[in-house]
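Throughout, read-outs are computed from the coordinates displayed, never taken from laboratory work. Note that the structure is a prediction, hence the values are computed from the model and not measured. For neighbour counting, all protein chains shown are included, and Cβ atoms are generated from backbone atoms with ideal geometry for every residue, glycine included.
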There are 2 protein chains.
Amino acid sequence: MRELELPALTHSALSDRLIALRDEHQRLKGQGLRLDLTRGKPSPEQLTLSQPLLGMPGADGHTAQDGTDCRNYGGLQGLPELRATFSGPLQVPAEQLVAFGNSSLELMYECLVDAVLFGVPGSSAPWPREGRTAVLCPVPGYDRHFAICEKLGLDMIPVPMTETGPDMDEVERLVADEWVKAIWCVPKYSNPTAVTFSAETVRRLAAMETAAPDFRVFWDNAYAVHGVADADEPLLDILGLSTEHGHPDRVFVFGSTSKITAAGSGVAFFGSSPANVSWLLGHFAKRTIGPDKVNQLRHARFLPDAPAVAAHMERHAALLRPKFELIDTVLEKRLGGTGVASWTRPRGGYFVSLDVLDGCAARVVELAGEAGIALTPAGATFPHGKDPRDRNIRLAPSYPDLDELRDALEGLVLCVELAAVERLLAASDGTG
Amino acid sequence: MRELELPALTHSALSDRLIALRDEHQRLKGQGLRLDLTRGKPSPEQLTLSQPLLGMPGADGHTAQDGTDCRNYGGLQGLPELRATFSGPLQVPAEQLVAFGNSSLELMYECLVDAVLFGVPGSSAPWPREGRTAVLCPVPGYDRHFAICEKLGLDMIPVPMTETGPDMDEVERLVADEWVKAIWCVPKYSNPTAVTFSAETVRRLAAMETAAPDFRVFWDNAYAVHGVADADEPLLDILGLSTEHGHPDRVFVFGSTSKITAAGSGVAFFGSSPANVSWLLGHFAKRTIGPDKVNQLRHARFLPDAPAVAAHMERHAALLRPKFELIDTVLEKRLGGTGVASWTRPRGGYFVSLDVLDGCAARVVELAGEAGIALTPAGATFPHGKDPRDRNIRLAPSYPDLDELRDALEGLVLCVELAAVERLLAASDGTG
């Protein structure tokens, strides 16, 4: 711990510090690093945990438990045995679960496209575009969610994330507007803040009255089984709760095995009420003859039940845990007590959310980039890429190995401090 | 050959014939058949030709030729080595080919959805819906093409199929209307008439002037390598020809391995101009992190080049050829010379197109259904399922084995004759 936080330093002390930090940054640039903390990609070691999939189904044949020849056309809802495995982890009855392609993002995209082309069950018309449909976006959040809204011309209303999930007072206030049609949620080990929604948050999302009769919760449960701590964080069953509260069609649940088996070759899931499932499959029936059932069979054999999934995820956790610990160690060592940075200590998921001094995130990303350390663009965790306080940076530690990660983090913390000192000096010069 | 065609029979002869045919139909119903000629599904024997895929990539690893780890995210355009294999068969340069999911229908659907949401390169606005965009539909054609148009609210204008492809005089007349934005084509061994477009047809499609600057040919080359005769029917390269004629963005080429490897677990392709490829991938970038590259790797290793594809398709042809021959034999034996049926003798593809007496197709399908023989619904090969002459039936012989196929066909020819006699009698009674 330092004697003084950086913001408390005198102008002269900051000036001295700036010179030292710039020297250090110059040396960092000279190292020719090529490191990448941008995306939540599994590491090769994680992917290798699912190596048996690469030879499956092999000699074990191509027949599903119900006798389906998985090689042929058909079976829009996906293999029952795979849906049974993921019913528990995703908290959706197997008969209300759809196992589809290799991408849950694609399923979310299709749901929104179908909403704007046709409306959802309960809609009196297609969802209007170009600013007349609004989607609530807890921030910081997942850039790809926001990119879909932007592409489809849907307005985004940021809602602050708290320690217990989105600010529910704000959510309940906003859904009184009939143009507010949806909310994005990553309810467990959230991207990027690693928050798991509290029981009260989930209950309020399930129970709240919305002006729009066709309001939808996009429940992207991407990290449902992705704990890294000793104890898993519990999440309430929003689909069941919504039904209990008289809103059976409120929730679209999404999930996938992308960060369980192979990132590009996994299986994605959609779960919802029977009416919503019929709605989606009705659209899919015009779009495709069915998903890749052989890949679903591979997954069903590799992960025959929920305990098999849990055991497999333990092995992922063993690989990810040291990376999260390393981030905390390196950040604490240099930035602890400086008053210019705070960060999350995730108990699951894929990301650490780092808040630097207001107005400094873009500069940190720039300084790191000059030194060969690629970070997620500043602002990416906000709609339209605009962080109003320019302070949030998402760190994705899964892909690099521990040595690379340490090098990247040691460069990063320097850049955080340098950007802060630049900013504080400019402020004390009256130019900030 | 009969002495007299059925339409030339007297009322009395027809009445006698009706009694005999109804008896025969009654006996057919008593057999309790459960046969299905509805969909172009590969048979288990055909699927088994690709059995090695089920154990791939196995111990051969997960690394593409360019070093890509196929298990991880990324690579929106698909594996270069697989695109190289299918570049020749699909007549698209590999760098202008996209290898995507498991369904070319999905790619067609996405192209039309993106056209109505955003427009295509050359559009001044999104394609209007609800009858203000028209798509030319050569008939008889593929029901799933028409179903997409119907779903998206696009008008369909039928154009007769001839022995050389769509009636090009009619096509050229219709594209003078700026609301005519597209044409569906299955250019080789067409669904269901098995016509391969002539050189002149392809040239005229490539060269014609269209009022819409953003007109598109949806070139569904589903049967590009699916000949069953000794000599393959040649098809001109429409993408190259369109470019030569100053319409580089005119053509969207589609294809897939669904009827080459595994029907539900193959790889689909989109090929077009660089501008169109960028357009589609730009949309896909918001929708997914990328296709299943492990499945693409499997396919690239199983089918390393175009000659490997050709050799593999020879084995398919050996299984399909006897089925096409059997259809011709059974139909000729009972319906030859009756004057109430004509049918195609395919040199490739998956279907036989059967024309029965005008006004009889729905009745034939009904009579066959009563006897446990499922046929594609009458009218399915026309927009909105309405065959104005109620005469076309699509036969899909690939799935059943030869014995089942013979049983189904022998039932079918009876139903064709029975429906014709009913119709002729009604006409001679003045009630037709």
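The simple spin-label model puts a point 7 Å past each Cα toward its Cβ; for B:GLU150 and A:SER123 those points are separated by 2.1 nm. Here the extension length gained between B:THR63 and B:GLU200 equals 44.9 nm, from 0.36 nm per residue of separation less the Cα-Cα distance. Count charges around B:LEU28 for me, please; just the other residues with Cβ under 11 Å from its Cβ, Lys/Arg as +1, Asp/Glu as -1. Neighbour charge sum, excluding B:LEU28 itself: -2. Legend: mean number of C-beta atoms from other chains within 10 angstrom of residue C-beta atoms, peptide B:287-299, equals 6. Spatially, the stretch B:116-187 and the stretch A:240-276 are offset by 36 Å when compared through their Cα centroids.
If you wrap the tightest convex hull around every Cα atom of the protein assembly as shown and split its volume per residue, you get 181 Å³. Averaged over the residues of A:62-75, the number of partner chain Cβ atoms lying within 10 Å of the residue Cβ comes to 5.
Using only Cα atoms and rounding to the nearest 10 degrees, what angle (0 to 90) does helix B:293-302 make with the longest principal axis of chain B? Once rounded, the angle reads 70 degrees.
Each Cα pair under 8 Å and six or more residues apart adds its separation to the average, and for the stretch B:63-304 the resulting relative contact order is 28 percent. Peptide packing: for B:335-347, B:218-230, A:322-334, the average count of neighbouring Cβ atoms within 10 Å per residue gives the ranking B:218-230, B:335-347, A:322-334, highest mean first. With a Förster radius of 25 Å applied to the C-beta separation of B:HIS245 and B:ARG321, the computed FRET efficiency comes to 0.10. Per residue of A:104-110, other chain Cβ atoms within 10 Å of the residue Cβ number 3 on average.
Of the cross-linked pairs A:LYS41/B:LYS259; A:LYS386/B:LYS151; A:LYS29/A:LYS386; A:LYS259/B:LYS181; A:LYS333/B:LYS293, those separated by over 31 Å at the C-alpha level are A:LYS41/B:LYS259; A:LYS386/B:LYS151; A:LYS259/B:LYS181; A:LYS333/B:LYS293.
If each label sits 7 angstrom from Cα along the C-beta direction, how far apart, in nm, is B:ALA211 from its counterparts in the other copies? Going from nearest to farthest copy, the values are 4.3 nm. The gain in end-to-end length when the A:GLN31 to A:ASP403 segment is fully stretched comes to 132.5 nm, 0.36 nm per residue minus the alpha carbon separation. Of all DSSP beta bridges confined to the stretch B:63-304, the antiparallel ones make up roughly 35%. Here the sum of -39500 (n - 2.57) over DSSP H runs of 4 or more residues, divided by the residues of the protein assembly as shown, equals -13000 deg cm²/dmol at 222 nm, to the nearest 500.
The antiparallel fraction among DSSP beta bridges confined to chain B stands at about 50%.
Label point of B:ARG27 (7 Å along Cα→beta-carbon): distances to the other copies' equivalent points are 10.0 nm, sorted ascending. For the stretch B:330-432, place one equal point scatterer on every Cα, skip the solvent, and apply the Debye formula. What is log10 of I(q)/I(0) at q = 0.23 Å⁻¹? Calculated log10 I(q)/I(0) at the listed q: -1.36. Here B:THR48 yields copy-to-copy label distances, from shortest upward, of 3.8 nm, the label point defined as 7 Å from Cα along Cα to C-beta. Calculated on the alpha-carbon coordinates, the convex hull of chain A measures out at 145 cubic angstrom per residue. The ellipsoid equivalent to the alpha-carbon distribution of the stretch A:204-362 has semi-axes of 34, 24, 15 angstrom, derived from the gyration tensor eigenvalues as √(5λ) and listed largest first. Here the Kirkwood formula puts the hydrodynamic radius of the stretch A:63-304 at 18.1 Å, using every distinct Cα pair. Rg/Rh, computed from the Cα trace of the stretch B:121-215 with Rh as the Kirkwood radius, has the value 0.96. When every Cα-Cα distance of the stretch A:358-404 is counted in 10 angstrom steps from zero, the calculated P(r) takes the values 27, 50, 21, 2 percent.
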